[in-house]
Amino acid sequence: MTLTAQAPKIPQLWVPLPSGIHPGWREIDERSALWLDRFGLYSDRAQRERLTRISVGGLTSRGAPSGRLAALQWTSDFLMWLFAFDDEFCDEGLVAASPDATLLVITKLQRVVEVPWAAPVEDHYGAALRELRLRLDDLTTPVQIARWAFSFRAYLQGQIWMAANNAQGRIPSLCDHLSVRLDSSGVKIFSTLSEIIHGYDLPAADYERYDVWGFVEVFASIIGWSNDLVSYHKEHQRSQDGYGHIVDLIAYERNCSLDEAVNETAVMHTRAMALYLRLREQILRDADHELRRWITDCDSWIRADYGWSLTTHRYVNPDNPADLPVGSAASPFQEREAHQPLPIPSITWWWTLLKD
């Protein structure tokens, strides 16, 4: 596969959700940089510089503008761990092309999440993850820890699938990719963070509803697909060769140009956002206080990730800039198609959740 080095022009995406930011975001970001140094989660000083300039405190504080400070700090530190791990083990390092090596890494990390007080740690990432997991005991409930741990383990396990594709030069179908990337992208984890940050429990009867489960998948896809667009140039400059981005898979399956694949991804994002808004209103009709609050928190994370992505050094990269838009579009991209279901078998079921 030959990957293009050009930076495609990314269109404005439609994200009609409110934005905000916690006033202490700079201090949160600074403390996360100190936490990164404490565990040395970088291969060299250049990588440290890259990680400390991406503003994990800004992303966290946009996602929960009124969150509890200690929980916001934990979340910022956890996101710093994710970005560092993603760079070293999932995208840019040699492990990313070895499913065997990936399996060995994630099996040990899963044990740290399950029994942090007993699991052996052999590297900086295991030690940092253990510290994060132990801090959770003082911040939230066992129910919230279990939900976070479930989504985090799914993220880790998804890396095996990605590594196996890379190792074998296998090009997955877009259908398969979209279902696996719901977990392997790590975005589903965001849906578990608000309860930790704000200190409330979403009842299991609400959390396990089919419409809520589908809502989470739509939520994760909106963030994941916009991230695939915004991060496209960065990933093609630094990551292992492969079809890990929706844009590349669309270009391959449709046999179309990069610009056409970018526009098709934007169309998919618009349809997912239109569905999200309809499902949102449908669920809110009979939602209790906790579910209503959780839905609103999901809104914040979608807007937070998009706003942060357009300004963070992780993707903007002044030394080799991406061609990114400014802000959110005032109307849907290709509006006439906004409410049409996407004809992709692994995700078409989302639209069946609509009652009208």
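Overall, the ratio between the Cα radius of gyration of region 48-94 and 2.2 N^0.38 Å, rounded to two decimals, is 1.24. Placing unit charges on the Cβ atoms of the charged side chains and taking the dipole of the chain about its Cα centre, the candidate lying farthest along the positive direction among Phe150, Ala205, Leu249 is Ala205.
Two tests apply to each whole DSSP H helix in the chain, Cα reach of 20 Å or more along its axis and mean Kyte-Doolittle hydropathy of at least 0.5, and the ones passing both are 69-85, 99-114, 210-230.
Average 1/r across all pairs of distinct alpha carbons in region 145-247, invert it, and you get the Kirkwood radius: 14.8 Å.
Using alpha-carbon positions, what is the distance between the centroids of region 162-203 and region 294-356, in Å? The distance from the Cα centre of region 162-203 to that of region 294-356 comes to 16 Å. In whole percents, the pair-distance distribution calculated for region 5-52 from its alpha-carbon pairs, binned every 10 Å from zero, is 19, 27, 29, 26. When the chain is treated as a GNM with alpha-carbon contacts under 10 Å, the residue of Val267, Val56, Val326 showing the greatest mean-square fluctuation is Val326.
Under the Kirkwood approximation applied to all pairs of distinct alpha-carbon atoms, what is the hydrodynamic radius of the chain in Å? Walk me through the numbers on the way to the answer.
Details: mean 1/r = 0.0485 Å⁻¹.
It works out to 20.6 Å.
With N as its number of residues, region 167-311 has a Cα radius of gyration that, divided by 2.2 N^0.38 Å, comes to 1.13.
Given +1 at the Cβ of Lys and Arg, -1 at the Cβ of Asp and Glu and no other charges, the dipole of the chain around its Cα centre is 340 debye to the nearest 20. Rolling a 1.4 Å probe over the protein heavy atoms gives region 55-204 an accessible area of 36 Å² per residue. If you look at the Cα atoms of region 78-211, you get an Rg and a Dmax of 15.5, 44 Å. A 1.4 Å probe, protein heavy atoms only, puts the accessible area of Trp161 near 60 Å². The simple spin-label model puts a point 7 Å past each Cα toward its Cβ; for Arg292 and Ser173 those points are separated by 4.3 nm.
Report the per residue volume, in Å³, of the convex hull enclosing the C-alpha atoms of region 255-342.
126
The dipole here belongs to region 176-304: it is taken about the Cα centre, uses +1 on the Cβ of Lys and Arg and -1 on the Cβ of Asp and Glu, and is about 280 debye. Exposed loop sites, defined as GluC sites (Glu not before Pro) outside DSSP H, G, I, E and B with at most 14 other Cβ atoms within 10 Å, are absent from the longest region of the chain, namely 209-356.
Ranking Trp14, Trp213 by solvent-accessible area of protein heavy atoms (1.4 Å probe, all protein chains present), from largest to smallest, gives Trp213, Trp14.
The values are calculated or read from the model by the stated rules, or taken from the named source; none is laboratory data. These numbers were taken from a predicted model, which means no experiment stands behind them. Backbone-built Cβ (ideal geometry, glycine too); neighbour counts: all protein chains shown. Each accessible area value is taken on the protein alone, full model and side chains, heavy atoms only, with ligands, DNA and RNA left out. Shrake-Rupley method; radii C 1.70, N 1.55, O 1.52, S 1.80 Å.
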